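Here the structure comes first, spelled out in structure tokens, and everything after it is commentary.
The values are calculated or read from the model by the stated rules, or taken from the named source; none is laboratory data. Everything quoted here is computed from the prediction, not taken from an experiment. Note that we place each Cβ from the backbone using ideal geometry, even for glycine, and neighbour counts take in every protein chain shown.
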């Protein structure tokens, strides 16, 4: 019960945080030029063709997709200048793909991808000492090596939850970004939103096979956010270590229970052996008893663990105050959830069954070596 409940909470919390992270901006999948993830430059850009759009639209597991442009640049206001991460996005496409528009702290997001409006991250606005309604100048090196600059009106303040984006993030319209950077309608990536995490493998395989441009790569969230993946893996290892300790304690409990059950009946076993019962049948008897005890224990544990996980699914534990702020600051959802995935029950049941089987080896050996006279005289 404890193992099923603990593992369910652990995997359920991972799943909700992964879903929260990928839906925030990066997407479940992204289409990029090969090598762009390792070395992002404007030279590794491509055009989204009508054929590729049809492939994305025809896949029933894809909810939405958003073409984007990424670049580095400078933003100036009066005498202040700051480095910035420039994101060229299409608001209409982002509404179907990400939740970036919901992270607005003040003001409003632009509605067109051709506008001269800009939304800045709150720390960047503080460093520039700029307010909503002020005009800033964005300077960036273009695709062709020329230096482009445009004026923008600040219409919104954004708090993303990522330290890098909150300090340097600047969001402008996709077409405007392409003009600023002389991209000639090219983009750097396409973020893809899916119905479920379980669809990632199939959709990635389908797109890799169907996309006509072999220079494009389809990356999943693990490749797009390696640091986030590593933090989950690290926590998962610590969780498995705690479960291992719990299972070892259970193993000794099972060994003690079976051994005591066997030794306290040595007198009975001695009598049955003395009147002609074969030794191997006595071993089978103890093995059968242990098997049924184990199965009953596993079924009860799974049933109780199921209801604990079901309760947490319907009543998730949410962190408030400073603890909640810490979770949000590192990009995690301040909430503990659970899951009823079959793997949680199957894997735990198999582990307990194997441990129980191993724990009965010594008691069975004692029964197998028991002599009738020694059994009758045993006290």
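Out of region 140-165, which residues are surrounded by 15 or more Cβ atoms within 10 Å (Cβ to Cβ) and over 21 Å from residue 109 (Cα atoms)?
140, 141, 142, 143, 148
In region 242-284, which residues are closer than 14 Å to residue 369 by Cα, crowded, with 16+ Cβ neighbours inside 10 Å and under 50 Å from the mean Cα position of the chain (by Cα)?
Within region 242-284, 262, 283 qualify.
For region 56-69, enumerate the residues that are surrounded by 18 or more Cβ atoms within 10 Å (Cβ to Cβ) and over 24 Å from the mean Cα position of the chain (by Cα).
Result: 69, single match.
Out of (1) touching a helix residue (DSSP H, G or I) at 6+ places or on another chain (Cβ under 9 Å); (2) within 23 Å of residue 12 (Cβ to Cβ); (3) surrounded by fewer than 16 Cβ atoms within 10 Å (Cβ to Cβ); (4) at pLDDT 85 or above, the odd one out for residue 308 is which?
The number of the failed condition is (3).
Which residue, of 167, 191, is at pLDDT below 90 and either touching a helix residue (DSSP H, G or I) at 6+ places or on another chain (Cβ under 7 Å) or not assigned by TED's automatic domain parsing to the domain that holds residue 131 (or both)?
Residue meeting the stated conditions: 167.
Yes or no, residue by residue, for (1) in contact with a strand residue (DSSP E or B) (Cβ under 7 Å, 6 or more places away or on another chain); (2) part of a helix (DSSP H, G or I):
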{"site": "137", "(1), (2)": "yes, no"}
{"site": "153", "(1), (2)": "yes, no"}
{"site": "185", "(1), (2)": "no, no"}
{"site": "192", "(1), (2)": "yes, no"}
{"site": "205", "(1), (2)": "no, yes"}
{"site": "222", "(1), (2)": "no, yes"}
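Just one of 40, 67 is more than 17 Å from residue 185 (Cα to Cα) and either in contact with a strand residue (DSSP E or B) (Cβ under 7 Å, 6 or more places away or on another chain) or not in a strand (DSSP E or B) (or both); which is it?
Just a single option satisfies the conditions, and that option is 40.
Mind checking which residues of region 82-115 are more than 28 Å from the chain's Cα centre (by Cα) and surrounded by fewer than 15 Cβ atoms within 10 Å (Cβ to Cβ)?
Those that are more than 28 Å from the chain's Cα centre (by Cα) and surrounded by fewer than 15 Cβ atoms within 10 Å (Cβ to Cβ): 83, 106, 108, 111, 112, 114.
Might you check whether a residue that is buried (at least 19 other Cβ atoms within 10 Å of the Cβ), assigned to a strand (DSSP E or B) and modelled with pLDDT of 90 or more occurs anywhere in region 15-28?
Within region 15-28, none of the residues are buried (at least 19 other Cβ atoms within 10 Å of the Cβ), assigned to a strand (DSSP E or B) and modelled with pLDDT of 90 or more.
What number goes with the only condition from (1) more than 30 Å from residue 335 (Cβ to Cβ); (2) outside any helix (DSSP H, G or I); (3) touching a residue at least 40 places away in the same chain (Cβ under 8 Å) that residue 87 does not pass?
Going through (1) more than 30 Å from residue 335 (Cβ to Cβ); (2) outside any helix (DSSP H, G or I); (3) touching a residue at least 40 places away in the same chain (Cβ under 8 Å) one by one, residue 87 breaks only (1).
I want to confirm something. Restricting to region 124-139 and keeping residues that are out of contact with any helix residue (DSSP H, G or I) (no Cβ under 9 Å at 6 or more places or on another chain) and crowded, with 18+ Cβ neighbours inside 10 Å, which single residue is farthest from residue 104 (Cα to Cα)?
Per the criteria, the residue is 128.
Only one of these conditions is not met by residue 34: (1) crowded, with 21+ Cβ neighbours inside 10 Å; (2) at pLDDT 90 or above. Which number is it?
(1)
Where the second residue is outside any helix (DSSP H, G or I) and the first is under 29 Å from residue 353 (Cβ atoms) and lies in region 268-290, which pairs have Cβ atoms under 6 Å and are six or more apart or on separate chains?
The qualifying pairs are 269/370; 290/360.
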